[in-house]
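The values are calculated or read from the model by the stated rules, or taken from the named source; none is laboratory data. Here the structure is a predicted model, which is why all the values come from computation and not from measurement. Glycine gets a Cβ as well: all are built from the backbone with ideal geometry, and neighbour counts include every protein chain shown.
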Amino acid sequence: MQKSTTSSQPKSTTTLNKPFFETPPVLAKIVVDENQTFGTLFAYLEELPIVEYNTLQSQLKTIGQEADNIKGRDFIKKLQIPQLISRYKVFRTRLGIVRYAEVEKHTDSSFVNAMDDVIVSWNIFAEHYNRLATELK
């Protein structure tokens, strides 16, 4: 019984020590953020492409906690627009799906797709935030 535990250990270690994303996603940065509302959240998101499987859950928890701390009222006053706040809520919802997923699911294709949805929803939010911030200056 010990032999099977020992022989399966290196295989799981190899899997756990590789980054989650084989091809690192491109994250849109929020450039107009006078109060640095999204600075810490973006810093955590930027680490996702290099996060290894064995630390993915703790990174998602950290990102989720930071995202939970940001409310619509924290946006720049002129950007407290319902549609923009809704896009942020979509991002948080997508993040919640992966944040609370069981570790065993991290290798499932549905989880991989859900992680892609997190990146896409962030990019959509960030692009709209930047566009509106620039237009409303």
What do you reckon, is Ile124 of a type in the set (Val, Ile, Thr), at pLDDT 95 or above and surrounded by fewer than 18 Cβ atoms within 10 Å (Cβ to Cβ)? yes
Cβ pairs under 6 Å, 6+ apart or interchain, first in segment 18-36 and closer than 17 Å to Ile119 by Cα, second among the small types (Gly, Ala, Ser), ordered by first then second residue, are Ala28/Ala126; Ile30/Ala126
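Among Glu47, Glu52, Glu104, Glu66, which is out of contact with any Lys or Arg (no Cβ under 9 Å at 6 or more places or on another chain) and farther than 21 Å from Val120 by Cβ?
Working: Glu47 fails: farther than 21 Å from Val120 by Cβ; Glu52 fails: out of contact with any Lys or Arg (no Cβ under 9 Å at 6 or more places or on another chain); Glu66 fails: farther than 21 Å from Val120 by Cβ.
Sole residue among the options that is out of contact with any Lys or Arg (no Cβ under 9 Å at 6 or more places or on another chain) and farther than 21 Å from Val120 by Cβ: Glu104.
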The helices (runs of 4 or more DSSP H) lying wholly within segment 1-120 that contain at least 1 residues that are aromatic (Phe, Trp, Tyr), at pLDDT 90 or above and surrounded by 12 or more Cβ atoms within 10 Å (Cβ to Cβ) are 39-47, 82-99
Expected output for segment 54-82 (first residue closer than 15 Å to Leu41 by Cα, partner of a type in the set (Asp, Glu), Cβ below 8 Å, 6+ apart or cross-chain) is Gln59/Glu47
Every listed condition ((1) of a type in the set (D, E, K, R); (2) under 10 Å from the mean Cα position of the chain (by Cα); (3) farther than 29 Å from Leu136 by Cβ) holds for Glu102 save (2)
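Check whether at least one residue in segment 107-116 is closer than 18 Å to Val26 by Cα and of a type in the set (Val, Ile, Thr), and report yes or no. I'd like the intermediate steps shown before the answer.
Within segment 107-116, the first condition is being closer than 18 Å to Val26 by Cα, and the residues that meet it are 112-116.
From the residues that got through so far, the ones that are of a type in the set (Val, Ile, Thr) too are 112.
Yes, segment 107-116 contains a residue that is closer than 18 Å to Val26 by Cα and of a type in the set (Val, Ile, Thr).
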